[in-house]
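Read the structure below first, then the notes.
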Amino acid sequence: MNIRRFIRLNIRHTIGYALFSLAAFIVFLYLLFPREEIKARIIYEIERDTATEIKTSGDQWVFPLGLTFKGIEFTKKEDKSYLLAHIDRLALEIPVKSIISFSPVSTLTADIYGGSARGLLTLRGNNRIIQANWTNVDLSRIERLKEIPAELVGRISGDLVLRLMNNIPEGQVRLLIKDGKLSKVKVMGFTFPDLPIEELQGLIDIKGDTLSLKDVHFKNNDLKGTIKGDIQLRSETGSGGLNISIRFTVGEKMKKEYQGLLSFIERSKDREGYYTLQIKGDLRKPTVSWGQI
């Protein structure tokens, strides 16, 4: 019997054996996989690299090697009453091919602040890299934004690349806000009416607790401008600080509505017709001044 005839007569048995072996491998891998150890390791790694403490309301393993956390809360280790962030659902997929090939890359999906996110997590020693994009996140629900001396509402989409090295996050965020609103802004004791934002977009650099606004533009039908500077979020040494410059120009409607205020700050207007507002100092009680940069 030649080899071709042997293969032809036994092909069904060969395929069946191969499929059985593959199925057995997957089943035993699933049954013997150290789920609890991996779950504890994931939480430990995140806590270690972000200096946070994590609590979850539940978790579930999904066939073959997926893990879903629900109701995740991130708090400061030094102050557990200070909520850093909340994620409704976070799913981590550990591909079988990643285990077989010892690849350090996993995929993430999340439901967060009324929106959704998807990304890749790369683990390489003490170096953690997160690449993600998100859509329709509700700004009014983000805990860290509640610290700024104003109220910002709207839906935000964007993407980020973030590296966590020795507990220090570093990376860049690109964002887009549409149909938003800025309110409860006070300048020299005067509270501005709600300010609609048709569009705000730009880049923000992240390094530790510092957010650096590099190229942020905003506009509506009667206002446009740019924002640049640094925001120091709350740290172990204090409540954080601001060093922000807002350069803007207004249309005819706002000129009439705020004629008194605009005449008072006329000295801050440059030759192109833009005003400059500078906000500095403590994050909760900053000082405001007008003038060209």
Scanning region 238-249 for residues that are among the small types (Gly, Ala, Ser) and in a strand (DSSP E or B), the one modelled with the lowest pLDDT turns out to be Gly238
Look at region 242-293 and say how many of its residues are free of Cβ contacts under 8 Å to residues at least 24 places away in the same chain and not polar (S, T, N, Q). 12
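Could you look through region 250-287, keep only residues that are assigned to a strand (DSSP E or B) and surrounded by 16 or more Cβ atoms within 10 Å (Cβ to Cβ), and pick out the one that is modelled with the lowest pLDDT?
Here is the first cut: in region 250-287, the ones assigned to a strand (DSSP E or B) are 250, 275-282, 286-287.
Now narrow it down to the ones that are surrounded by 16 or more Cβ atoms within 10 Å (Cβ to Cβ): 250, 275-279, 286.
Numbers: Val250: 88, Tyr275: 88, Thr276: 88, Leu277: 83, Gln278: 85, Ile279: 84, Pro286: 77.
Top of the filtered list is Pro286.
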Out of (1) modelled with pLDDT under 85; (2) assigned to a strand (DSSP E or B); (3) polar (S, T, N, Q), the odd one out for Ser98 is which? (2)
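The values are calculated or read from the model by the stated rules, or taken from the named source; none is laboratory data. This one's a predicted model, so the numbers in the text were calculated from it and none came from an experiment. Positions of Cβ are generated from backbone atoms using ideal geometry, with glycine treated the same way; all protein chains shown enter the neighbour counts.
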